[in-house]
Amino acid sequence: MGRLPDFLLLGAAKCGTSALHRALSGHPELFLSEPKEPKFFLTDGPPPTSGGGPGDVPTWGEHVWRRTDYEALFDAAPPGARCGESTVFHLYDTAAQNRIARLLPRARLVAVLRDPVERAHSNWAHLRGAGLEPEADFRTALRDEQRRIDAGWAHFWHYAAQGRYGEQLAHLDTLFPREQVLLLRYRELRDDPAGTADRVCAFLGVATGVVTGVPRHHVRPDVQGRTGGPTAAERAAVLPLFADDVPRVAEHTGWDLADWLR
């Protein structure tokens, strides 16, 4: 049998996972996969070959879904290195969580969580900027979300659903002991990248003080970026989608999340 990862960066999408992946890849005791997001645990067998939303079929074609191919991603790891990968939908996709628990029950898991309204807007802006999102209005795109989910559009289109972290963490709790899970706030990665990287390294059991920075272009301020973030009116309209879930995240983490509810 080939090598399997020792840790996973679970996401969430648009929360700085790419930045953290690239920063950790420079640590001599760690080996991070390329591609960054193999998406192995997102399906049982091959991914879909038709349907979905704009651009979904080519993206599905990038899945590393055969176990032998997945294991081969870690073949070049030096002896003793801890291996990891960074598929950002693992936290959102509870079926993927189940698959991870079955194959990697002792894996260490890291997730970065961002204000869910900001995360959803950044996600929408990313796809809009890529020429894939057909809806020019953020709020209208969110109103259309359930129809898109029902039509089989891929996870990246689930703007609001991806940000209901409380539901996702509750499911993760049924599969992994909390000492195997490290949760970080996006603003920690943004404001103290070296210190946050040290927390991750300590959690993974490798030397701290080695990762001295995180690529800044991957970690934008919560209210800045491609479009300047959601307007006050957009935020007020979207916040009710998360109002019942944010307290669950606060209870789970012990974080003060009052800013997420304003």
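Of the listed requirements (1) touching an Asp or Glu at 6+ places or on another chain (Cβ under 7 Å); (2) outside any helix (DSSP H, G or I); (3) not aliphatic (A, V, I, L, M), Phe176 misses just one: (1).
Quick one: which residue in Ala207, Ala197 is farther than 29 Å from Leu142 by Cβ, modelled with pLDDT of 95 or more and not in a helix (DSSP H, G or I)? Residue meeting the stated conditions: Ala207. Among the residues of the stretch 117-163, the one identified as of a type in the set (Asp, Glu) and in contact with a Leu (Cβ under 7 Å, 6 or more places away or on another chain) is Glu133. For the stretch 128-149, a tally of residues being in a loop (DSSP other than H, G, I, E, B) and surrounded by fewer than 20 Cβ atoms within 10 Å (Cβ to Cβ) returns 8.
Can you tell me which residue is nearest to Ala19 (Cα to Cα) among those in the stretch 67-98 that are part of a loop (DSSP other than H, G, I, E, B) and among the aliphatic types (A, V, I, L, M)? Restricting to residues being part of a loop (DSSP other than H, G, I, E, B) and among the aliphatic types (A, V, I, L, M), the top hit is Val88. Within the stretch 38-78, being closer than 18 Å to His90 by Cβ and polar (S, T, N, Q) holds for Thr43, Thr59. Residues that are free of Cβ contacts under 8 Å to residues at least 60 places away in the same chain, in contact with a Phe, Trp or Tyr (Cβ under 8 Å, 6 or more places away or on another chain) and crowded, with 18+ Cβ neighbours inside 10 Å within the stretch 71-118 comprise Ala81, Ala96, listed in sequence order. Scanning the stretch 45-66 for residues that are outside any helix (DSSP H, G or I), touching a residue at least 24 places away in the same chain (Cβ under 8 Å) and over 15 Å from Thr87 (Cα atoms) yields Pro48, Gly51, Gly52, Gly53, Pro54, Gly55.
Restricting to the stretch 7-38, name every residue that is surrounded by 22 or more Cβ atoms within 10 Å (Cβ to Cβ), closer than 20 Å to Leu127 by Cβ and not aliphatic (A, V, I, L, M). Gly11, Lys14, Cys15, Gly16, Thr17, Glu37, listed by residue number. Flag: Glu62 does not match the condition of being crowded, with 20+ Cβ neighbours inside 10 Å, charged (D, E, K, R) and at negative phi. His21 meets the stated requirement of being at pLDDT 95 or above, closer than 24 Å to Gly209 by Cβ and in a helix (DSSP H, G or I).
Here His218 fulfils each of the conditions (1) modelled with pLDDT of 95 or more; (2) within 20 Å of Phe89 (Cβ to Cβ); (3) out of contact with any Cys (no Cβ under 8 Å at 6 or more places or on another chain) apart from (1).
Might you let me know whether the stretch 2-23 holds any residue that is of a type in the set (Asp, Glu) and closer than 28 Å to Glu133 by Cβ? Scanning the stretch 2-23 turns up no residue that is of a type in the set (Asp, Glu) and closer than 28 Å to Glu133 by Cβ.
Could you please find all residues in the stretch 150-166 being buried (at least 16 other Cβ atoms within 10 Å of the Cβ) and assigned to a helix (DSSP H, G or I)?
Passing the criteria: His155, Phe156, Trp157, Ala161, Gln162, Gly163, Tyr165, Gly166.
The values are calculated or read from the model by the stated rules, or taken from the named source; none is laboratory data. Every value quoted in this text rests on a predicted model; they were computed, and no experiment measured them. Because the Cβ atoms are built from the backbone with ideal geometry, glycine has one as well, and the counts that use them run over all protein chains shown.
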